[in-house]
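Data block below; observations after.
The values are calculated or read from the model by the stated rules, or taken from the named source; none is laboratory data. What you are looking at is a predicted structure, and each value in this text was computed from that prediction instead of being measured. So basically every Cβ, Gly included, is an ideal-geometry build from the backbone, and we count neighbours across all protein chains shown. Accessible surface areas use protein heavy atoms only, side chains included; no ligands, DNA or RNA. Shrake-Rupley method; radii C 1.70, N 1.55, O 1.52, S 1.80 Å.
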Amino acid sequence: MTTRITAQPGTPFIDIEREFNAAPAQVHRAWTDADLVARWLGPRDYTMNMFDYDARSGGSYRYVHVDKEGQEFGFRGVFHTVAPDRIVQTFEFEGWPGQVSVETATFEDLG
């Protein structure tokens with residue numbers, strides 16, 4: 001697995017490229033299946049409570065990470081595009097309401 005992170009100074013963009021030894025359809029499924037998302041997203045030592053995860057264009061999500069002390073961190077967003085090669089969604093930390101980012105994930109076969 002290779003990960004590259006690029007953040008140009010003075011811009012509000014972060015580009016993360018990650019390669020997996022898996023077919024694009026498998027990575028897409030890991031991103032859209034709520035049970036699989038709960039297994040990989042977030043800090044390893046937190047539990048994740050999935051309240052909503054409707055990974056389709058127009059769907060939404062909400063989940064809460066809980067640390068060992070019981071402190072909760074909620075996140076939510078809307079799926080704008082869910083296609084085999086791309087997912088566009090918003091992301092908002094409930095502890096910082098109104099600060100919404102737009103995320104785009106693309107899935108491509110590198111051969």
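Ligands, DNA and RNA excluded, the heavy atoms of Asp15 present near 80 Å² of accessible surface to a 1.4 Å solvent probe.
Give me the percent relative contact order of the chain, please, defined on Cα pairs under 8 angstrom at least 6 residues apart.
Values: 196 pairs, mean separation 17.6, N = 111.
Across the chain, relative contact order equals 16 percent.
Tell me the volume per residue, in Å³, of the convex hull enclosing the alpha carbons of the chain. Numbers along the way, then the final one.
Numbers: hull volume 13.9 nm³, N = 111.
Taking the convex hull of the Cα positions in the chain, it is 125 Å³ per residue.
Using a probe of 1.4 angstrom and keeping all protein chains present, the accessible surface of the chain works out to 72 square angstrom per residue.
Longest span of the chain, sites excluded, free of GluC sites (Glu not before Pro) in DSSP loop with at most 14 other C-beta atoms within 10 Å?
Working: sites that count: Glu69, Glu94, Glu108.
No qualifying site falls inside 1-68, the longest such stretch.
Computed FRET efficiency, Cβ-Cβ of Thr104 and Lys68, R0 30 Å: what is it to the nearest 0.05? Could you put the intermediate results ahead of the total?
On the way: r = 33 Å, r/R0 = 1.09.
The calculated FRET efficiency here is 0.35.
According to a simple spin-label model (label point 7 Å from Cα along Cα-to-Cβ), what is the distance in nm between Trp96 and Glu17? Once both label points are built, they end up 2.6 nm from each other. What a 1.4 Å probe finds exposed on the chain is 51% carbon and sulfur by accessible area, rounded to a whole percent.
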